[in-house]
Structure formats: structure tokens, C-alpha cells
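Undergrad: First, the structure itself, so that you have it in front of you.
The values are calculated or read from the model by the stated rules, or taken from the named source; none is laboratory data. Quantities reported herein were computed from a predicted structural model and do not represent experimental measurements. Every residue, glycine among them, receives a Cβ derived from its backbone with ideal geometry; neighbour counts consider all protein chains shown.
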Amino acid sequence: MAGAFGPFQDRADGLICHYSRPMPSVYIKTYGCQMNERDSEAVAAQLVAKGYTLAPSEAVADVILLNTCSVRDFAEQKALNKMVNVIAETRRNRPETVLGFMGCMAQNRGQELIDRLPDVDLVLGTQKFHRAADYLDELLAGRREKIVDVAAEQGSEATIREHLLYGNAAKNGDGRRLPLQVTAFVSIMQGCNQYCTFCIVPYTRGEERSRSIPDIVAECRQLVSQGVKEITLLGQIVTSYGKRRFGVVAGVPPAVEPGVPPGGWTPNSSNRLEISYIVPGGKMPPSTAGGTPAATSPFVQLLDAVHEIEGLERIRFTSPHPKGYGDDLIEAYARLPKLVESAHLPVQSGSDRVLKLMHRGYTRARYVGIIDKLRRARPEIGISTDIIVGFPGETEDDFQRTLSLAREIEFDQAYIFKYSQRRDTPAAEMPDQVPQKIREERNQRLLDVINKIAGRRYGAFMGRQTQILVEGPSKKNPARMTGRTRCNKIVVFDPAGGENRGQLIDVKITRAGSFTLYGDPAIVSP
Ligand code: SAM
């Protein structure tokens with residue numbers, strides 16, 4: 001690929017030529033978690049602001065970027081296979097197309113990706129998303145042949161901030177025109193210091209780095225002024241927000257158990273029992289009965305600050321760590337009405353022995369205790385989780401404990417992962433790796449239990465009236481609309497009349513499907 005887009009080329013006299021051809025179009029395909037989705041959105045928004053357009057499909061794009069995931073080998077293989085197919089198609093028919101990998105696998109494998117697939121032009125690491133536009137300009141103008149940038153960059157945690165609320169329109173609106181989406185993700189931190197023994201994320205995302213509260217609040221305010229009603233605060237472990245950035249000043253009861261190592265396995269992973277902080281821009285909650293303000297973690301101070309934004313209706317966050325559920329966070333659920341009745345609490349296993357091998361830093365009893373407290377604070381709360389089956393050394397007895405935990409908690413939803421060996425993580429070297437066949441069989445058995453329970457929990461909504469935020473037309477059938485309950489259940493309904501994106505409406509649930517509810521706004525009296 002070289003110099004396909006003449007307009008980008010600098011003239012010999014140093015002036016930049018005017019664009020005589022249309023600006024290139026870009027197609028970004030995203031693998032993995034919501035953080036990856038958010039990173040892709042920020043890159044797309046940066047490119048649109050520079051004049052690029054978003055291609056409706058890879059078949060017509062001038063630039064194809066794959067934003068990758070490394071959490072499991074399967075996700076890496078999927079992105080690699082996709083790139084092989086993209087190369088075969090574009091090099092035959094559109095050889096000028098710029099091809100790139102970005103995100104976690106790009107960070108993890110770097111130059112290796114170009115050595116393996118020499119048609120790839122760009123490899124962009126997780127701290128370099130904001131450089132995408134500059135690098136693409138250089139590649140498109142033919143000034144550089146290949147670019148690999150996976151270096152760490154101080155301050156990069158604050159660079160994921162642009163949103164794409166209005167699609168291909170270069171400028172976002174000012175709230176007079178409703179955005180295409182009324183919900184938005186806001187990245188509050190990058191990286192992870194938890195070092196669970198199975199997990200590659202600390203290597204692909206780097207050390208925990210948090211943005212400041214005023215910076216995050218300013219982004220949220222801007223979104224709300226443009227018509228966003230619901231914000232999800234995002235991070236690898238949001239409950240660790242700010243713990244490494246802000247000073248310790250006082251103590252609240254720690255969210256870990258005495259005698260249980262707090263998790264993490266590197267000597268300097270600094271899982272200290274830091275407990276309370278003064279955060280610039282943060283706010284202490286109301287005084288306790290004794291007159292002294294209750295000390296809270298930086299994350300709860302952030303929740304308090306975001307909660308004050310006028311016009312914002314709902315706050316969610318993901319993904320937390322059970323360790324981060326101190327009493328201050330539970331109390332925030334009871335205190336902050338905009339914080340919805342929904343919690344995603346990755347448990348990973350129901351066996352204390354496996355939790356210890358994973359270095360999770362909590363026991364099953366502690367986990368159950370947190371859920372009890374959350375349900376006491378908010379009886380309607382929806383609980384979802386992540387579970388890994390087939391972790392090295394997991395016996396049938398350990399697995400039975402996971403099944404019994406699923407029955408005891410009655411999760412509304414669970415994401416089940418078959419353990420995947422990740423290079424350079426301690427678990428990959430552990431003895432007693434569980435055969436693939438057993439991982440698959442346990443996956444199915446757990447899925448059966450989870451689905452049965454979820455079916456019951458969704459079924460319990462039948463006939464009930466519930467509030468939803470209308471998000472827009474249903475993807476499966478655009479004649480219908482979808483919204484989400486506060487406890488994070490999708491509701492599909494036939495619009496009775498004036499329901500619009502961004503409205504909070506009451507619906508009566510008339511049918512429960514698997515992980516979807518169906519409602520009727522018409523039979524709710526105003
Ligand atoms: N905040 C989360 C936590 O508390 O662990 C971390 C989110 S992680 C990026 C997403 C999920 O991927 C994890 O919760 C875990 O269930 C799964 N996961 C991570 N590494 C895995 C591996 N090696 N094999 C299978 N699943 C894995």
C-alpha cells in the first residue's frame with residue numbers, strides 16, 4: 001500500500017494539497033468486551049472528526065481495522081482468521097486498502113503480527129488508540145510503509161473521550177437533535193493490577209491508570225447535554241478506580257476478609273488495604289449519624305459526582321471486582337437513585353480452593369455476603385456474573401460447588417468461559433490442566449443450570465409493570481422498539497404511539513423469552 005490518497009501528500013513547497021478526492025472510509029470490526037467497543041467508538045469518532053467516513057461494510061472500506069481481544073485464544077484466532085480473509089479479498093480486488101490490527105492482541109503480539117501477515121500495515125497498541133488518525137494519514141499518503149506502535153504512554157488513560165453519537169456526522173449535536181444512541185460508555189480508567197492467575201489483561205492493558213473526577217464528569221456532562229440519558233462507567237476493574245492515584249486519608253472497613261490474601265501474584269502488585277481517600281473533584285457523602293462524613297473510596301466519590309449531573313437519568317458501571325464491594329459501595333446503592341438496580345459481579349468459581357488458585361482475594365462466603373447485602377439494599381437488583389469452567393486443577397467436586405453457587409445466588413445472567421491457557425500467565429503453567437472435552441461438558445452443564453434459573457427469573461416479570469429507557473428500534477425488527485429495565489433486562493415492544501428514543505416509559509410485561517422480555521406500553525394507564 002503506498003500513496004493511494006493523493007490529497008494527503010505534502011507538496012514539495014511544504015504546503016498541504018487541498019483534498020481533491022473524497023476522504024477515505026474506514027470500517028472497524030470489534031472483538032471482545034465493552035471496553036473494546038468503547039475504544040473502537042473513540043477511534044471512529046476521531047477519524048470522523050478528521051473527515052473520514054464510516055464505511056457500511058468492509059467490502060467498500062479504504063481502511064479496515066480489527067480491534068482485537070486476547071482474553072481467550074479463541075478470540076485471537078477469530079481475529080487472525082478474519083484478517084487472513086480480508087487480506088485475500090482486498091489484495092485481489094483493492095490492493096490499496098490499508099489494513100490494521102489494534103487493541104489487546106496488537107499490544108500482546110506487536111511486530112509478530114506483521115511478520116506473520118506481511119500485508120498488515122498498522123499494529124496499534126492499547127495505549128495508542130488516539131494516534132490512529134495520524135498513523136493512517138501517513139500510511140495513506142505513502143509516507144510510511146508499516147507502523148507498529150505498542151509503547152506505553154503516560155496519560156493515555158485520558159485519551160478515550162470522543163463519542164460517535166451522530167454516526168457519520170462530523171460534529172456531534174447540541175441536544176436539540178436526539179443522538180442515535182441515548183446510552184453511552186465512559187472510560188474512567190485503563191489497565192489492571194489484579195493479576196488473577198488466568199488473566200492476560202494486566203499485560204495487554206498495562207498498569208491501572210485513572211482519569212480525574214473533573215475530567216470524567218466533564219465528559220458525562222457533555223454527553224448529557226447532547227441527549228444521553230444513561231451512562232455506564234467503564235474500566236477493567238472499576239472498583240479500583242483512583243486507588244493508585246489519590247492519597248489515603250482515613251479508614252473505612254476493608255472490602256476483603258481477614259486471612260484471605262487480597263489477590264494478585266506479582267510481588268509489586270500492591271494490593272494494599274488502602275481504604276479511604278481525598279479525591280480532587282470528589283465529594284464526601286452526607287454525614288453519618290455521629291456528624292463525621294463517612295469515608296468512601298474514590299470510586300464511590302466518582303459515583304457521587306456523576307450522580308449530580310442534571311438531566312442524567314441512570315448510572316451503571318462495569319466491570320467491578322467483588323473485592324471492591326465495601327460497605328460504602330453497598331450504601332451508595334441505597335443512597336443514589338440514579339444508580340440502577342443492576343450489578344455485574346464476576347465470581348469465576350464457587351470453590352474456595354479454585355478461587356485461591358485464581359488469586360481472586362475473596363471466598364465464596366464473602367461473595368454470597370455481598371450479594372445478600374446488595375439485595376437487602378435494592379431488592380429488585382439484577383445480578384450477572386462471569387464464571388470460568390475447567391480452570392487448571394478444577395475437580396468434579398469444585399465444579400459441583402460452582403453449580404451449587406449458581407443455584408444459591410440465582411443469577412439473572414452469567415457469562416460462562418471455558419478456561420483458555422494464556423501465555424505468560426501463571427495458570428498456563430499449573431499442573432492438572434483440564435482436558436478440553438471436560439471443559440466443554442462442564443460449560444454445557446453450567447449453561448443448563450444458568451438458563452433454567454434465568455428463565456424463572458425472567459418469567460417472574462410476567463404481568464408486572466416496569467420502567468424502561470427507550471433505546472431505539474429493535475435490531476431484529478426495526479418496526480419494534482427496545483428499551484432496558486433498570487435491572488438490565490432488554491424489553492422489546494410495539495410502539496403504541498409517541499414513544500421515542502430517550503424516553504423513560506412504563507411497560508407491562510406480557511411475555512418472557514430467553515434473556516428478553518416483551519412488553520406493552522399501551523396497557524399501562526398514564
Ligand atoms: N473485572 C473482571 C474480574 O473481576 O475478573 C475482569 C474482566 S475480564 C477481562 C472478563 C472475563 O473474561 C473474566 O471475568 C473471566 O471470566 C474471563 N477470562 C479472563 N481470562 C480468561 C481465561 N484465560 N480463560 C477463560 N476466561 C477468561
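Undergrad: State whether the residues of region 219-235 include one that is surrounded by 23 or more Cβ atoms within 10 Å (Cβ to Cβ), under 30 Å from residue 503 (Cα atoms) and within 16 Å of the ligand (Cβ to nearest atom).
TA: Within region 219-235, one or more residues are surrounded by 23 or more Cβ atoms within 10 Å (Cβ to Cβ), under 30 Å from residue 503 (Cα atoms) and within 16 Å of the ligand (Cβ to nearest atom).
Undergrad: Another question, if that's okay. Out of curiosity, is residue 385 surrounded by 21 or more Cβ atoms within 10 Å (Cβ to Cβ), within 21 Å of residue 75 (Cα to Cα) and out of contact with any Lys or Arg (no Cβ under 9 Å at 6 or more places or on another chain)? Explain how you work it out, then say what you get.
TA: Details: surrounded by 21 or more Cβ atoms within 10 Å (Cβ to Cβ): yes; within 21 Å of residue 75 (Cα to Cα): yes; out of contact with any Lys or Arg (no Cβ under 9 Å at 6 or more places or on another chain): yes.
Answer is yes for this residue.
Undergrad: Let me ask something else. I'm trying to understand the selection: among the residues of region 433-455, which are touching a residue at least 40 places away in the same chain (Cβ under 8 Å) and more than 16 Å from the ligand (Cβ to nearest atom)?
TA: Of everything in region 433-455, those that are touching a residue at least 40 places away in the same chain (Cβ under 8 Å) and more than 16 Å from the ligand (Cβ to nearest atom) turn out to be 445, 449, 451, 453, 454, 455.
Undergrad: Sticking with this structure for a sec: If we scan region 420-427, do we find a residue that is of a type in the set (A, V, I, L, M, F, W, C) and closer than 20 Å to residue 71 by Cβ? Can you show your working first?
TA: If we filter region 420-427 for residues that are of a type in the set (A, V, I, L, M, F, W, C), which is where we start, we get 427.
Narrowing the set further to residues that are closer than 20 Å to residue 71 by Cβ leaves 427.
Yes, that holds for at least one residue.
Undergrad: Do the conditions hold for residue 44, that is, is it of a type in the set (A, V, I, L, M, F, W, C) and in contact (Cβ under 8 Å) with a residue 60 or more places away in the chain?
TA: Values: of a type in the set (A, V, I, L, M, F, W, C): yes; in contact (Cβ under 8 Å) with a residue 60 or more places away in the chain: yes.
In short, yes.
Undergrad: Among residues belonging to region 395-432 that are away from the ligand (no atom under 12 Å from the Cβ) and assigned to a loop (DSSP other than H, G, I, E, B), point out the one that is surrounded by the fewest Cβ atoms within 10 Å (Cβ to Cβ).
TA: Top of the filtered list is 431.
Undergrad: Also, quick follow-up: Residue by residue through region 329-358, note down the ones that are within 15 Å of the ligand (Cβ to nearest atom), touching a strand residue (DSSP E or B) at 6+ places or on another chain (Cβ under 9 Å) and hydrophobic (A, V, I, L, M, F, W, C).
TA: 343, 345, 347, 354, 355, 358 - these are the residues of region 329-358 that are within 15 Å of the ligand (Cβ to nearest atom), touching a strand residue (DSSP E or B) at 6+ places or on another chain (Cβ under 9 Å) and hydrophobic (A, V, I, L, M, F, W, C).
Undergrad: Could you give me the residue pairs with C-beta distances under 6 Å whose first residue belongs to region 327-353 and is hydrophobic (A, V, I, L, M, F, W, C), whose second residue is within 16 Å of the ligand (Cβ to nearest atom) wherever it lies, and which are 6+ apart or on separate chains?
TA: 340/316; 343/374; 343/383; 345/322; 345/385; 347/367; 347/385
Undergrad: I need the helices (runs of 4 or more DSSP H) fully contained in region 52-122, keeping only those with at least 2 residues that are without any contact (Cβ under 8 Å) to a residue 12 or more places away in the chain and either surrounded by fewer than 22 Cβ atoms within 10 Å (Cβ to Cβ) or within 16 Å of the ligand (Cβ to nearest atom) (or both).
TA: Numbers: elements: 73-93, 104-109, 112-116.
Hits in region 52-122: 73-93, 112-116.
Undergrad: Out of (1) away from the ligand (no atom under 13 Å from the Cβ); (2) in a helix (DSSP H, G or I), the odd one out for residue 379 is which?
TA: Against the list (1) away from the ligand (no atom under 13 Å from the Cβ); (2) in a helix (DSSP H, G or I), residue 379 comes up short only on (2).
Undergrad: A further question on this structure: Which is within 16 Å of the ligand (Cβ to nearest atom), at pLDDT below 95 and surrounded by 22 or more Cβ atoms within 10 Å (Cβ to Cβ), of 361, 326? Quick ask: steps written out before the conclusion?
TA: Numbers: 361 fails: at pLDDT below 95.
Sole residue among the options that is within 16 Å of the ligand (Cβ to nearest atom), at pLDDT below 95 and surrounded by 22 or more Cβ atoms within 10 Å (Cβ to Cβ): 326.
Undergrad: Could you grab me the full set of residues in region 460-483 that are touching a residue at least 24 places away in the same chain (Cβ under 8 Å) and under 19 Å from residue 179 (Cα atoms)?
TA: Listed by number, the residues that qualify are 468, 469, 470, 471, 472, 483.
Undergrad: Need pairs with beta-carbon distance below 7 Å; first residue more than 16 Å from the ligand (Cβ to nearest atom) and within region 176-200, second hydrophobic (A, V, I, L, M, F, W, C) and at pLDDT below 95; sequence gap 6+ or separate chains.
TA: Short answer, once both residue conditions are applied: 179/165; 180/165; 181/165.
Undergrad: Looking at residue 49 and the list (1) more than 18 Å from residue 81 (Cβ to Cβ); (2) at pLDDT 95 or above; (3) out of contact with any Leu (no Cβ under 8 Å at 6 or more places or on another chain), which single condition is not satisfied?
TA: Going through (1) more than 18 Å from residue 81 (Cβ to Cβ); (2) at pLDDT 95 or above; (3) out of contact with any Leu (no Cβ under 8 Å at 6 or more places or on another chain) one by one, residue 49 breaks only (2).
Undergrad: If residue 346 meets every condition in (1) part of a loop (DSSP other than H, G, I, E, B); (2) over 28 Å from residue 195 (Cβ atoms); (3) under 20 Å from the mean Cα position of the chain (by Cα) apart from one, which number is that one?
TA: It fails just one condition, (2).
Undergrad: Between a first residue in region 146-165 that is at pLDDT 95 or above and a second residue that is aliphatic (A, V, I, L, M) and in a loop (DSSP other than H, G, I, E, B), which pairs have beta carbons less than 6 Å apart while being 6 or more apart in sequence or on different chains?
TA: Final answer for the pair search is none.
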